[in-house]
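These notes are about the structure you will find just below.
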Amino acid sequence: MIEKNKRCQIEITDVASDGNGVGAIDGFRVFVPMTAKGDICEILIVKVLSHYAVGRLMEIIIPSPDRSEPLCPVFKRCGGCHIQHINYSAQLEIKRGFVEAAMRRIAGFSGFNCDEIIGMDEPWRYRNKCVYPTGTDKNGNVISGFYARRSHDIIPVGDCLTGGAINEKITNAVLKYMKENDVSAYDEGTHSGLVRRTFIRSARTSGEIMVVISINGNALPRRERLIKRLREVTEDIVSVYININTERNNTILGRDNKLIYGKETITDTLCGISFKISPHSFYQINPNMTEKLYGRAIEYADIKPEDIVLDIYCGIGTISLAAARRAKKVYGIEIVEQAIKNARENAKHNGIENAKFFSDSAEAAVPRLIESGICPDTIILDPPRKGSDEVTLNAIVSAQPKRIVYVSCNPATLARDTKYLAERGFAPKKCTAVDMFPHTSHVETVLVMQRA
Ligand code: SAH
């Protein structure tokens, strides 16, 4: 019998999709964070629910061969990474397993195989965007770092090894400016204080850096001093914004941005196409792996010069523009208006004239486009985590494309939508997983379906 506060021994037999180890006690599933498949360990039961329990790792009796020493000193406390205690090649196999398990269990493709998982050669320093919440410690010092696991306590992480080494210098410069000018940090509990977050985005190919300071107010006092401090760190900081967020919420950025220094956008190159990026544009976080992911999506799309391509959930047009180089015409659909503005500008300054972008929801625009007589040969979709919806999927089916290329950041919704499409005549043919976010439990997948 499993009871709360009881200590027991368990063998971890699997890793769940959130990165927690899983084992069973008397046939009852127990999730244990920070464990690895093959661990035999002593745990304390901290929660018992109707279908599962949660244990806390107390002692590892026999460690799993998959274990490795986490490089980050705050890994155990920080909520950013989930599986840094597992060696990288085992991480990759776990993630391939996530995709296969979802496709087998949720979509019901019993023998489904993910053909390949593409990992990073050097799985560190991959993030081009980092967001550091700012707060005050017990002694009244302003700090910035990352949220602790399942909480909003800030752990003052200087150098996060998944991001650029320069980030620590930038956050230190912001803290220095705050101390020197008596600028307060935001306090979530009381909804008071000014500086909420430092958002840093860098462009891999140009080296340009954008810094956005999110504030609970309309202005930063003596902002020229902040800019001076930032530019002392590096002249690569070419764009500085304040972002206004006076609401009691936890969104990363509020709606309004004010440029306080330099250029409105930074420019990065992806798949040979240059992109201008604004603070709010969705832009993939790991550019090296994004190229591999999109490269595979384009390969699966098998675009011929006379082909019409529809790219749904196109963001700033990254996949659309790579496809446009090969196709007769590409239509991109995206709900965020600013992203569509960026997509159009990106098409223009890359001299791409055969891409047309619509700012609308997929569920409104896709049926309308198909009804208007557009006949796509290939449909690419790259929805957010919640996946696509039946209205959009029905419109995709009614278009009867030769191929559907589904890019997904969530195996569960990928499997749900693939099942829906499979029941309507499309069969999965090839599948690749790409490790865009080493040390976290996230995995990206690209899957191609064809009419059966
Ligand atoms: N393909 C792009 C973006 C993928 S992320 C890239 O790789 O860069 C998913 C995108 O879907 C986001 O840009 C989000 O704004 C958009 N989105 C979310 N819900 C949507 C909807 N209902 N209709 C259209 N686009 C939507």
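A short reminder: the numbers here are calculations on the coordinates, not readings from a lab. These numbers come from a predicted model, not from an experiment. Neighbour counts run over all protein chains shown; Cβ positions are idealised from the backbone, glycine included.
Brief remarks follow.
- Separation between Cα centres of the range 299-317 and the range 1-49, rounded to whole Å: 44 Å
- Only beta bridges with both residues in the range 129-270 are counted; by DSSP, about 75 percent of them are antiparallel.
- All Cα-Cα distances of the range 7-62, cut into 10 Å bins from zero to the largest, leave 28, 64, 8 percent in each bin in turn.
- With the highest mean first, a sort of the peptides 64-73, 123-132, 422-431, 310-319 on other beta-carbon atoms found within 10 angstrom per residue produces 310-319, 123-132, 422-431, 64-73.
- Alpha-carbon centroids, the range 150-213 and the range 102-124: separation in whole Å: 35 Å
- Pairs over the 26 Å Cα-Cα cut-off, from the set 129/176; 292/402; 263/292; 328/430; 37/386: 263/292; 37/386.
- FRET efficiency estimate (nearest 0.05) - Cβ-Cβ, residue 269 to residue 116, R0 22 angstrom: 0.30
- Peptides 387-400, 192-205, 18-31 ranked from most to least packed give 192-205, 387-400, 18-31, packing being the mean of other C-beta atoms within 10 angstrom over each peptide's residues.
- Our estimate of slack between residue 348 and residue 2, defined as 0.36 nm per intervening residue step minus the Cα-Cα distance, is 118.3 nm.
- Packing-based exposure ordering (other Cβ within 10 Å, fewest first) of 280, 82: 280, 82
- Sequence-distant contacts, meaning Cα pairs under 8 Å at least 6 residues apart, place the relative contact order of the range 129-270 at 20 percent.
- Treating each Cα of the chain as one equal point scatterer and applying the Debye formula with no solvent, the log10 of I(q)/I(0) at q = 0.09, 0.12, 0.13 Å⁻¹ comes out as -0.67, -1.13, -1.25.
- Antiparallel content of DSSP bridges confined to the chain, in %, to 5: 65 percent
- Compared with the alpha-carbon gap, the fully stretched path from residue 360 to residue 26 is longer by 115.1 nm at 0.36 nm per residue.
- Residue-averaged 222 nm ellipticity for the chain, from DSSP H runs of 4+ at -39500 (n - 2.57), nearest 500: -7500 deg cm²/dmol
- Fewest-first ranking of 434, 46, using other Cβ atoms within 10 Å as the exposure measure: 46, 434
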